[in-house]
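Undergrad: Mind having a look at this structure? Questions to follow.
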Amino acid sequence: MAKRALITGITGQDGAYLAQYLLSKGYEVHGAVRRSSHGGVADHRLEWLGIREQVRLHDANMLDLASLIRLVQEVRPDEFYNLAAQSFVATSWNQPILTGQITAIGVSHALEAIRIAKPDTRFYQASSSEMYGLIQQPVQSEDTPFYPRSPYAVAKLYGHWITVNYRESFGMHASSGILFNHESPLRGREFVTRKVTDGVARIKLGLADELRLGNIDAKRDWGHARDYVKAMWLMLQQDAADDYVVATGTTTTVRDMCAIAFEHVGLDIEEHLVIDPEFFRPAEVDVLLGDPSKARRVLGWEPETSLGAMIREMVDADMTRLSQPSPPPAISMPL
């Protein structure tokens, strides 16, 4: 029989790519979605990848333990991937309580649902490089101390440690992937990479004149989400659960990432990029650089897509979107 996977956050960037990857491996893929009045809009990423009809969606909510227990009882998953979160750092300062409830306590609900309903289910928790925050070491590995700098990062840190605790307390096969920044054409436009590629596409098409950003000297370790979901799967195929940094091992400034996008369409970055203090974070994370050597050694995982190739793919996708009738409006959000 085909393995069954249950994905929370399946309508997000990572959830959609993970669903696509698992389907390619013959899995029966189920997704948990919270009920919304905007039905049919949230699953647009699954539509973009052409897999919407191949996955089974179920109503559930990370704040409602009972709904997760019923879902695990119904699906009986072999693997449970928890990708659900309030995932935008900037919003976490405006909605710190909600971020804590979903991104932190929601992980406990997922783990409890498994422990009660099907304790042999293998569990993956989406941890984040944002947990390192005010970095304690120049290159961050699984052993680097954490110093979160946002309510989002604090919530992710709780989710990370509660996963370790359930693994050690109850013998659950529960792993965490400490993923550094990973992007794609499916990224939301509030995130800086997609804000850049969408903005550059708009300028190129004559729909805008400028791109407004905050701290363009911040450095990030960027990879492609399509590559990173493979690492998630590999973690749950190991005999023993563990935690892994997933990164490229290369860091790039926001400025240099922007330059790739502008150059791809033949535009001069200096003519269109505007620094706006409104888009600076209250507490900045200046540099993130991951050490993926453990993932390479144990999982045999390697990133396959360069930053340049990824940004060019994203710009091309946004050019295609915006060239269609009634292009979506631009949005401006902080980095």
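Undergrad: Picking from L22, L63, L57, which residue would you name as being assigned to a helix (DSSP H, G or I) and of a type outside the set (F, W, Y)?
TA: L22
Undergrad: Any idea how many residues of region 69-116 are in a strand (DSSP E or B) and under 17 Å from the mean Cα position of the chain (by Cα)?
TA: Within region 69-116, residues that are in a strand (DSSP E or B) and under 17 Å from the mean Cα position of the chain (by Cα) number 3.
Undergrad: Same structure, new question: Any residue in region 75-89 that is β-branched (V, I, T), touching a His at 6+ places or on another chain (Cβ under 8 Å) and at negative phi?
TA: Yes.
Undergrad: Could we say that G26 is farther than 28 Å from S150 by Cα and modelled with pLDDT of 95 or more here?
TA: Answer is yes for this residue.
Undergrad: Among A42, A2, which is at pLDDT below 95 and in contact with a Phe, Trp or Tyr (Cβ under 7 Å, 6 or more places away or on another chain)?
TA: A2
Undergrad: From Y147, Y124, which residue is among the aromatic types (F, W, Y) and either in a helix (DSSP H, G or I) or under 17 Å from A241 (Cβ atoms) (or both)?
TA: Criteria check complete, one pass: Y124.
Undergrad: Of all residues in region 127-138, which are in contact with a Ser or Thr (Cβ under 9 Å, 6 or more places away or on another chain) and part of a loop (DSSP other than H, G, I, E, B)?
TA: Within region 127-138, Y132, G133, I135, Q136, Q137 qualify.
Undergrad: Name the residue that is farthest from A218 (Cα to Cα), counting only residues in region 166-192 that are of a type in the set (A, V, I, L, M, F, W, C) and assigned to a helix (DSSP H, G or I).
TA: The selected residue is F170.
Undergrad: Considering only residues of region 93-108 that are of a type outside the set (A, V, I, L, M) and surrounded by 24 or more Cβ atoms within 10 Å (Cβ to Cβ), which is farthest from A2 (Cα to Cα)?
TA: T99
Undergrad: Consider only pairs whose beta carbons are under 8 Å apart and that are at least six residues apart or on different chains; among these, list those whose first residue lies in region 63-92 and is of a type in the set (K, R) and whose second residue is modelled with pLDDT of 95 or more and surrounded by 18 or more Cβ atoms within 10 Å (Cβ to Cβ).
TA: Within 8 Å, the pairs are R70/A60; R76/R4.
Undergrad: Given the conditions (1) modelled with pLDDT under 95; (2) touching a helix residue (DSSP H, G or I) at 6+ places or on another chain (Cβ under 8 Å), which single one is not true for A90?
TA: Every condition holds for A90 apart from (2).
Undergrad: Which helices (runs of 4 or more DSSP H) does region 193-286 wholly contain that include 3 or more residues that are crowded, with 20+ Cβ neighbours inside 10 Å and aliphatic (A, V, I, L, M)?
TA: Ranges flagged: 225-235, 254-264.
Undergrad: So is R34 without any contact (Cβ under 8 Å) to a residue 40 or more places away in the chain and within 30 Å of V154 (Cβ to Cβ) or not?
TA: So R34 passes the test.
Undergrad: Also, I was wondering about something else. Anything in region 103-160 that is among the hydroxyl-bearing types (S, T, Y) and touching a helix residue (DSSP H, G or I) at 6+ places or on another chain (Cβ under 6 Å)? List them, or say none.
TA: Answer for region 103-160, where residues must be among the hydroxyl-bearing types (S, T, Y) and touching a helix residue (DSSP H, G or I) at 6+ places or on another chain (Cβ under 6 Å): T103, S108, T121, Y124, S127, S128, S150, Y152, Y158.
Undergrad: So T121 clears everything in (1) over 22 Å from Q237 (Cα atoms); (2) surrounded by 22 or more Cβ atoms within 10 Å (Cβ to Cβ) except one condition, right? Which one?
TA: (1)
The values are calculated or read from the model by the stated rules, or taken from the named source; none is laboratory data. Being a predicted model, the structure only gives us computed values, none of them experimental. No Cβ is skipped: glycine too gets one built from the backbone with ideal geometry, and neighbour counts run over all protein chains shown.
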